[in-house]
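Have a look at the structure below before the remarks.
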Amino acid sequence: MEGPKTDTEMPYPEMIVEVGGVTFGEENRKKMTNSYLKRSENSKIIQAICALLNSGGGVIKAEIDDKTYSYRCHGLGQDLETSFQKLFPSGSQKYLDYMQQGHNLLIFVKSWSPDVFSLPLRICSVRSNVYMRDVTSAINLSATSALELLREKESRRQRARPRVKELQPWQVLHRNIQEEEDMKTSASEFFKRDKLTYKEKLNFTESTHVEFKRFTTKKVVPRIKEMLPHYISAFANTQGGYLIIGVDDKSKEVFGCKREKVNPDLLKKEIENCIEKLPTFHFCHKKPKVNFTTKILNVYQKDVLYGYVCVVQVEPFCCVVFAQAPDSWIMKDNSVTRLTAEQWVVMMLDIQSAPSGLDMHYSSQLISAASSAPSSPGYPVKVLEFKEALQQHLFPVTQEELHFKPESLCQKLFSDHEGLEELMKTQIHPCSQGIVIFSRSWAGDVGLREEQNILCDALLVAVNSPLVLYTILIDPSWLGGLDYAQNTARQLKRKLQTVGGYTGKVCIIPKLIHLTSAQCRPGEIPVHYPQSYRLADEDEMEGLLQALVVVSLCSRSLLSDQLGCEFFNLLIAEQSALLSESLQETRELFIHCFPGTRKTALAIKIMEKIKDSFHCKPKEILYVCESDSLKDFVIQQTTCQAVTRKNFMQGEFLKTKHIVMDETENFCSKYGDWYMKAKNITHPKVRGAGSENLHHGVLWIFLDPFQVHHADVSGLPPPSAQFPRKTITNGIHCALEIAKVMKEEMKRIKENPPSNLSPDTLALFREAAYEEAMCAQALPGVCETKTNLTTEQIANYVAERCHNFFQRGYLPKDIAILCRRGEDRGRYKLALLKAMGLIETQGTAEVVFSHATGVCGSRIILDGIQQFSGLERNIVFGISPECAQSEEFPKLCFASRAIKHLYLLYERRVAF
Ligand SMILES: [Zn+2]
């Protein structure tokens, strides 16, 4: 459909709709003599407002007809205001702002946000064009009532009870009781007649089921076609009924239409055509057409044919009939476009994927149309629960000075580019309270293309200021800067609304700056927004930052990784709180944790809980694990005692009351029976006395059932004796891509179980449940696999990636490079040092690798995977010689140690 086009000349990073010349001002509009023009100007603006509301907001640009017009003096015009009031019954100021700029009037339209207090409407509509009978009237339903009707029809359909009550006209009228049904019964009697008398008076009146209409004297057919859709839609959506044309609704006298004025056969045909064209929407499988019967009754005057009465009997409809396509609009291909009835229903009901009974083509066809409107974002549901805590933690709103975030990236940028920090401070002046969030490319963070010519972007979020996106150019002569900045600002704003769920007025003003000149670039037109687009106070700022937290968590960036790690920590805290509820009554427990659950973090939290619940000293709680590196890590994280299994077997632990054992899947019975020893410490038996000692401590044993190594020698009791037991299957604390790898591996292991894994343990893995947990918790990340590489290629790949990470503000302590076998460390170290030395740039400190024991330090870890057991890092490179399918076990090991980035690099198998 042809509609107003968008304007590319305007400097706003918004959807702009140009509506051409419009008369503005109270007096001017009152004086307008061309009422058609007045109405068309009005509807042009209303349609554009509706389209922008439904498409993420934007700006309408109207050329002011009267050159002497001033918005401040003359206002808008009563008819326009009335139309706005109709569109926004609860006030238009929440959505609209006006600004005169020279001879243009700009109308700023905020994105539509469903009212949470009433039935939330996902889109805005001028008119639904869905009618229903309300006793003797046909009512065009409000969007809210139309939604109620749609929901009712949909749920009736889902309950598979198509309640379509047939008209039952064969009741006998009762003498003393009168009901509305009587009118219907009389109408049906009337419908059976074939002969009427001119001016005969009918014995029934209009009702829910009956409507009388007189034929007009002029333009009989066009007039009928004009009113017919309303009545057909109303009767069909209600309970059916009779539209009787040719009877006066006041006197109930039969007039009919003079026979020379109308051709009855043609009239019947016209009516049938008209009804068949009415838009419908079906929730049902059968999808019947509107069921109706048209009958022409002859009207006689003194036995001579005078004319005709036309009766349309409409059956109740299974689903929904529209009088015409809804008066609701969206922006499509930059034009204001009317929605079809189907699109409208799909958007109103937020039909994401086709539910049973609804054809697939609805959703697939409409994705493009609906994509510009707010839709349920695809983020893990847990994100919403924690967005406030995350914002308070990473972006606290304080009264103090400006904060530059993320710190590591700012440090890198400011040290690499002298003057950048000062430049930013002058740019941001006079804002003194707020947060500036840097990224190497905000475009990349919101899913757009990154540009080589951009040094970085910085987003200013401050009280009493609009959001400003500063784009710092490397080459000031590059022409793509404005496009880049505008697109980035537009996309980020869209995401704040659709993904972040921000419902306030928000704008992002793009600003291009260059390192050497503090000036705005010449030729850049300043962008003005209404006052209400500024963040008014701390509350609004927090709300916006929380939306930004959600947007960032759902993207791939340094910020996203930092938020993600915090998010996973919160999830683990929640899980440990839940688990520790059973500390008092379940002193001995086997805790089976699926890969990626981060059982070490869980174990550490549980030790703290033990300390609190039993009011004991840290020294009374003992942590036991297999590897030295893990033991060292745990010692740094907790005040409790931590030893390796070897030391545990060799030492005496007289003061220990409670024991938490971690990574027991790696244990073996070398040095003795660790399980018996632990039991005897936590629950000593007094020999001979026949009664148990009063002391009964906690012995909780964590293990990953999928990574049990030593089949019979682990020292663990057989799976059937690992009781009581809890299985944690829903703790997914890593990127979605990494969780998928683990899921596939577990599936594979379950299908071809190795002899050392017990089938009942594997049975605990259920794909559907695991996927559900992934949807609730997993965040976007990266997983790449490269095969058939040489040692040198592996080293180059890792070096390039690392260099790239450092450029983006990641630190060496975010990275672990893990070899499948510890003995390969030396070989890779040499290759890696060489490769990294080659791409080392100025300012980069020399790369130093650390063993797994240095996990708390600031260096890149390079070690064997076993040495890194129980530990994790944000970025993991897993290096392995190419191996056969059956040996692909390390994939699961590598995956369970990575949080957001996993690179699996397989070396070509060397022929010996
Ligand atoms: Zn239907």
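All of the numbers you see were taken from the coordinates with simple rules; none came from a lab. Fair warning: this is a prediction, and the values are worked out from it, not measured in the lab. With ideal geometry, Cβ positions are generated from the backbone for all residues, glycine too; neighbour counts draw on all protein chains shown.
At q = 0.15 Å⁻¹ the log10 of I(q)/I(0) for the range 131-321 amounts to -0.91, computed by Debye summation with a single uniform scatterer per C-alpha, solvent ignored. Across the range 586-773, Cα-Cα distances exceeding 24 Å account for 40% of all pairs. Close amide H contacts of Gly864 (hydrogens built in the peptide plane, cut-off under 5 Å, sequence separation of 5 or more or a different chain): Cys819. Listed by chain and number, the aspartates and glutamates whose C-alpha is less than 19 Å from the C-alpha of Lys153, apart from same-chain residues fewer than 8 away, are Asp134, Glu166, Glu315, Glu342, Asp350, Asp359.
To the nearest 20 debye, what charge dipole does the chain have about its Cα centre, counting +1 at the Cβ of each Lys and Arg and -1 at the Cβ of each Asp and Glu?
2380
Candidates His695, Cys802, Asn237 compared by Cα position along the dipole of the chain: farthest toward the positive end lies Asn237, with charges placed on Cβ. When the listed pairs Lys219/Lys261; Lys387/Lys743; Lys31/Lys61; Lys332/Lys493; Lys726/Lys750 are checked against a 21 Å cut-off, the alpha-carbon distance exceeds it for Lys387/Lys743; Lys31/Lys61. Backbone amide hydrogens, once placed in the peptide plane, bring Tyr198 within less than 5 Å of Tyr300, Gln301, Lys302, excluding anything fewer than 5 places away on its chain. Short-range pairs are left out: with C-alpha atoms under 8 Å and at least six residues apart, the relative contact order of the chain is 9 percent. How would you classify the range 586-637 from its alpha-carbon gyration tensor, with a ≥ b ≥ c the square roots of the eigenvalues: rounded for a/c under 1.5, else prolate if a/b is greater than b/c, otherwise oblate? Because a/c hits 1.5 or more and a/b fails to exceed b/c, the range 586-637 counts as oblate. The string of couplings for the range 556-568 from the Karplus curve (6.51, -1.76, 1.60, θ = phi - 60°) is 10, 6, 4, 4, 4, 5, 5, 5, x, 4, 4, 4, 5 Hz, one whole number per residue in order, with x for Gly and Pro.
For the chain, the percent of C-alpha pairs falling in each 10 Å distance bin, counted from 0 to the bin holding the largest distance, reads 2, 10, 15, 16, 16, 13, 11, 8, 5, 3, 1, 0, 0. By its C-alpha gyration tensor, with a ≥ b ≥ c as the square roots of the eigenvalues, how is the range 382-567 shaped: rounded for a/c under 1.5, else prolate for a/b larger than b/c, else oblate? Rounded, since a/c falls under 1.5. Across the range 815-829, coupling constants 3J(HN,Hα) worked out from phi with the 6.51/-1.76/1.60 Karplus curve, θ = phi - 60°, read 10, 10, 10, 10, 9, 5, 10, x, 6, 7, 3, x, 4, 5, 4 Hz, and Gly and Pro carry x. Across the range 222-235, rounded Karplus estimates of 3J(HN,Hα) from the backbone phi angles (6.51 cos²θ - 1.76 cosθ + 1.60, θ = phi - 60°) give x, 5, 5, 5, 6, 8, 3, x, 4, 6, 5, 4, 5, 5 Hz, Gly and Pro being marked x.
Too long at a 21 Å Cα-Cα cut-off: which of Lys405/Lys605; Lys213/Lys302; Lys599/Lys631? With Cα atoms farther than 21 Å apart: Lys405/Lys605; Lys213/Lys302.
Basic side chains Lys and Arg get +1 at the Cβ, acidic Asp and Glu get -1 at the Cβ, and with that the dipole of the range 781-907 about its Cα centre reaches some 280 debye. Taking a straight Cα-Cα cut-off under 16 Å and skipping sequence neighbours fewer than 8 places away in the same chain, the aspartates and glutamates within cross-link reach of Lys786 are Glu737, Glu800, Glu882, Glu888, Glu907. According to the calculation over all Cα-Cα pairs in the range 8-65, the P(r) per 5 Å bin from zero is 4, 18, 25, 22, 15, 10, 5, 0 %. Contact order for the range 72-123, expressed relative to its length and based on alpha carbon pairs under 8 Å spaced 6+ residues apart, stands at 19 percent.
Counting pairs of alpha carbon atoms under 8 Å apart in space and at least six apart in sequence, what relative contact order in percent does the range 131-321 give?
28
For Ile659, the amide hydrogen comes within under 5 Å of the amide hydrogens of Leu622, Val698, Leu699, Trp700, counting only partners 5 or more places away or on other chains and with H modelled in the peptide plane. Between the residues Val210, Pro718, Leu53, the greatest Cα displacement towards the positive end of the dipole of the chain, with unit charges on the Cβ of Lys, Arg, Asp and Glu, is found for Val210. Estimated from helices alone, the mean residue ellipticity of the chain at 222 nm is -11000 deg cm²/dmol (sum of -39500 (n - 2.57) over DSSP H runs with n ≥ 4, per residue).
Of the options Val847, Gln93, Pro530, report the single residue whose Cα projects farthest towards the positive end of the charge dipole of the chain (beta-carbon charges: Lys, Arg +1; Asp, Glu -1). Final value for the positive-end residue is Gln93.
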